[in-house]
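Enquirer: My questions all concern the structure below.
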Amino acid sequence: MSENNLLFVGTFASAKSLNDLSIFGGYLAVENGKITRIGSAKDYEAEQKTGAFANFKIIQLNEDQFVIPGFVDCHTHAPQFPNIGLGLDRPLLEWLAKYTFPLESRYGDTNFAAKVYDTVVKRLLNNGTTTTCYFGSLHLNGTLELAKSVAKHHQRALVGKVSMNLKNEAGYYNETAKELAEVETFIKNVLDMKNDLVQPVITPRFAVSCDKELMSGLADISDAYNCLIQSHISENQSEVEYVLQIFPQCKNYADIYDNSRILNNRCIMAHAIHLSDEEIKTLAEKGVSVAHCPASNTRLKSGLCPVRKYINNKLIVGLGTDVSGGDGSSILEAMRRTMDVSMHLELQGHEKASLSWTEAFYLATLGGAKALRLEEKIGSFEVGKEFDALVIDTYAQDGPIDKYEHSSAAIEDRATSLLEKFIYLGDDRNIAQVYVNGRKVKNITMK
Ligand code: GUN
Ligand code: FE
């Protein structure tokens with residue numbers, strides 16, 4: 001029996017598209033991190049008799065347990081975790097100056113960085129986030145500590161050293177040539193780790209902090225290394241007004257980034273709340289994806305992001321927690337906030353704006369994988385994909401979901417109800433096991 005060959009027997013749920021939730025009972029085989037076979041319960045019985053699975057460790061789930069793809073967090077700030085739940089009394093630009101830049105400035109201290117980042121990565125894995133797209137800080141060595149923590153705990157991640165070259169009160173920025181050189185060094189260092197789960201991502205903070213020279217230089221590096229690139233766009237009305245003042249030649253916010261050649265099908269933009277129809281069209285045509293961050297958008301009074309409209313206009317959307325603008329680090333919570341914000345839009349008259357729990361589940365898994373251009377590897381259960389998954393124990397001991405007698409419905413209907421309950425009520429206590437690329441990174445003993 002090999003620990004590299006796992007055979008899960010039970011119920012599996014994954015979203016194949018926004019409108020296609022797939023639930024099936026049967027088995028799923030994992031060999032060396034990859035899904036190699038999926039079959040029905042009947043197939044399992046037949047194949048087992050032939051001894052086909054003799055070399056597999058079997059994980060037999062009970063009828064209250066099921067397996068789903070790991071969650072994808074498309075946008076969070078690792079260095080801001082010490083501020084989570086603090087200082088949410090100001091709008092974006094004041095909040096950045098008063099709370100965020102002073103905290104991020106401390107990550108020149110690599111011991112402090114290593115300590116915080118270890119806690120962050122463990123927290124996210126415990127919450128079922130198997131893939132995260134991180135903003136680090138301005139510091140080269142500090143952010144390399146983040147990449148090391150990710151590798152140490154076997155998470156899948158994109159890690160970005162933040163780039164800024166425009167002055168601010170905290171003195172938290174770099175001179176342009178130094179910044180471009182450090183970004184390149186950062187990329188080389190991450191690539192030298194030769195860890196298939198960890199990739200560098202180029203990270204101009206936003207147009208308030210970066211001029212055109214820096215952003216164009218970063219676009220060149222992104223092209224040279226075929227790296228993803230992430231930033232923030234149109235989060236707050238005052239931010240939008242300010243950037244149009246400092247880039248007077250640009251007709252809108254998206255145009256600022258387009259002028260610097262940042263918008264392409266390797267680009268992820270966080271927030272994107274106040275986009276004009278013209279900007280939506282530009283982002284869709286360029287293949288840019290959007291990280292929707294509902295907790296932060298509400299806490300910082302930024303606005304209600306029209307996700308349904310973006311999906312209808314062919315934008316790729318995933319979910320982000322955006323700590324510490326966001327006050328939660330769990331994608332389960334992000335799903336609920338996504339449903340709430342979309343319903344508030346509908347209640348204000350935006351027709352059919354509300355997103356269902358199955359749609360939120362899609363955005364948290366395959367949608368996020370698409371947004372990070374990882375859909376060929378993760379996000380759903382398909383033969384050939386890597387096995388990033390969560391074993392959910394619906395009625396975990398002392399957990400948030402009480403057990404009531406269900407009618408004896410078909411296994412698929414029953415499993416759909418369990419998943420629905422988990423999405424509305426569940427928390428980390430229900431996430432009994434977490435797997436990344438076939439390796440178990442969290443384990444709570446199940447009944
Ligand atoms: N825009 C630029 N930087 C940030 C940040 O750290 N958090 C949020 N929410 N928005 C930003
Ligand atoms: Fe952010």
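The values are calculated or read from the model by the stated rules, or taken from the named source; none is laboratory data. Just so it is clear, the structure is predicted and the values come from calculations on it, not from any experiment. In this analysis, Cβ positions are derived from the backbone assuming ideal geometry, glycine residues included, and neighbour counts consider all displayed protein chains. We work out accessible area using only protein heavy atoms, side chains counted, and drop any ligands, DNA or RNA first. Shrake-Rupley method; radii C 1.70, N 1.55, O 1.52, S 1.80 Å.
Enquirer: Determine the pairs where a residue that is more than 17 Å from Thr203 (Cβ to Cβ) and touching a residue at least 24 places away in the same chain (Cβ under 8 Å), located within the range 145-159, has a partner that is assigned to a strand (DSSP E or B) and charged (D, E, K, R) with Cβ atoms under 6 Å apart, the partner being 6 or more residues away or on another chain.
Expert: What qualifies is His154/Arg439.
Enquirer: Ok, one more. Could you check Asp89 against (1) open to solvent by 20 Å² or more (accessible area, probe 1.4 Å); (2) away from ligand 2 (no atom under 15 Å from the Cβ); (3) within 21 Å of Pro204 (Cα to Cα) and say which number it fails?
Expert: Among (1) open to solvent by 20 Å² or more (accessible area, probe 1.4 Å); (2) away from ligand 2 (no atom under 15 Å from the Cβ); (3) within 21 Å of Pro204 (Cα to Cα), the lone unmet condition for Asp89 is (3).
Enquirer: Given the options Val323, Val290, name the one that is in contact (Cβ under 8 Å) with a residue 24 or more places away in the chain, open to solvent by less than 20 Å² (accessible area, probe 1.4 Å) and within 12 Å of ligand 1 (Cβ to nearest atom).
Expert: None of the others qualify; the one that does is Val323.
Enquirer: Leu166 fails exactly one of the following numbered conditions: (1) under 28 Å from Lys440 (Cβ atoms); (2) open to solvent by 30 Å² or more (accessible area, probe 1.4 Å). What is the number of that condition?
Expert: Every listed condition holds for Leu166 apart from (1).
Enquirer: Would you pick out the residues in the range 168-222 that are within 16 Å of ligand 2 (Cβ to nearest atom) and hydroxyl-bearing (Ser, Thr, Tyr)?
Expert: Those that are within 16 Å of ligand 2 (Cβ to nearest atom) and hydroxyl-bearing (Ser, Thr, Tyr): Tyr172, Thr203, Ser209.
Enquirer: OK, next. Kindly indicate which of Ile262, Ile256, Ile229 is within 16 Å of ligand 1 (Cβ to nearest atom), surrounded by 19 or more Cβ atoms within 10 Å (Cβ to Cβ), under 18 Å from the mean Cα position of the chain (by Cα) and among the β-branched types (Val, Ile, Thr).
Expert: Ile229
Enquirer: Scanning the range 423-447 for residues that are touching a residue at least 40 places away in the same chain (Cβ under 8 Å) and hydrophobic (A, V, I, L, M, F, W, C), which turns out farthest from Ile58 (Cα to Cα)?
Expert: Within the range 423-447, the match that is farthest from Ile58 (Cα to Cα) is Ile423.
Enquirer: Additional query: Given the conditions (1) under 26 Å from Leu125 (Cα atoms); (2) surrounded by fewer than 17 Cβ atoms within 10 Å (Cβ to Cβ); (3) polar (S, T, N, Q), and given that Thr76 satisfies all but one, which numbered condition is not satisfied?
Expert: The one condition Thr76 does not meet is (2).
Enquirer: Go through (1) within 14 Å of Phe71 (Cβ to Cβ); (2) aliphatic (A, V, I, L, M); (3) part of a loop (DSSP other than H, G, I, E, B) and name the single condition Ala369 misses.
Expert: (3)
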